[in-house]
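One structure below.
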Amino acid sequence: MTGVDATAHGVTTVLSDAWVRRAERLLHDQCWCWGRDVERADGNLLLEFGFRRIRTPEGRTFAYELDRAGEHVVLAGAGLCYAAAGMGCAALLGRYDVRPRLIPRCEVDTAQWAQVGASIFQSAGRRDEESPAGRLVVAGAMRWIVGYEAWVREVAGVDYRAQCLSSWLSASVSADRMVEEWEALLDELQEGERPDHTPNTSPGIRRDVRN
């Protein structure tokens, strides 16, 4: 994919190849880190954050699920699912394919997904990276990740995240840049959505995601 479909206002509606490559590398790192958060010696960070386990019929943990403040997040080894209040759809972002697959929010069924397995991230819904809804839900997912990583930095420290990444030979980011790299990707995504690429003058991203 190399083409860019712009509106009369100059709004970029197709995720660029360069942006996708960076996002996929970072999501690959992020999924690894979520796995380390589960195995943390001082306690499972996902559970501490408020997630609950989704188990397979055999009793194995397939994924973790969170409902808080209107946001619904599902984390699995193969990617994540994100939806928020006011959105009629949820986005599946695969670990190896960050271009969103959209499904009606009412069809997010983690019990059924636990039976299907990781293929859900490559097969469910429909590919949609061009519609405003698709881009909005991707931005929401990235904003949520920024908040989560900022929380990890506060409660466990940068050194903890550095330990997670030190055991990951494919790491594309350093622990002290984890939050900032997600913020940069989010800024680029939102920059493309503003008419005439108006500079972002907002005060920043709210990171207190636990309230």
At pLDDT 85 or above and either touching a Ser or Thr at 6+ places or on another chain (Cβ under 6 Å) or within 22 Å of ALA78 (Cα to Cα) (or both) - does that describe any residue in the range 117-129?
no
Tally the residues that are aliphatic (A, V, I, L, M), in contact (Cβ under 8 Å) with a residue 24 or more places away in the chain and either farther than 15 Å from GLY43 by Cβ or touching a His at 6+ places or on another chain (Cβ under 8 Å) (or both), restricting the search to the range 151-171.
2
Restricting the range 77-111 to residues that are more than 13 Å from the chain's Cα centre (by Cα) and among the acidic types (Asp, Glu), the one surrounded by the fewest Cβ atoms within 10 Å (Cβ to Cβ) turns out to be GLU107
So VAL74, is it within 16 Å of the chain's Cα centre (by Cα) and either charged (D, E, K, R) or surrounded by 14 or more Cβ atoms within 10 Å (Cβ to Cβ) (or both):
yes
Going through the range 55-69 in order, the residues found to be surrounded by fewer than 18 Cβ atoms within 10 Å (Cβ to Cβ) and either in contact with an Asp or Glu (Cβ under 6 Å, 6 or more places away or on another chain) or under 10 Å from ALA111 (Cα atoms) (or both) are ARG55, THR56, PRO57
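The values are calculated or read from the model by the stated rules, or taken from the named source; none is laboratory data. Note that this is a predicted model, so its numbers are computed, not measured. Here Cβ is always computed from backbone atoms with ideal geometry, including for glycine, and neighbour counts include all displayed protein chains.
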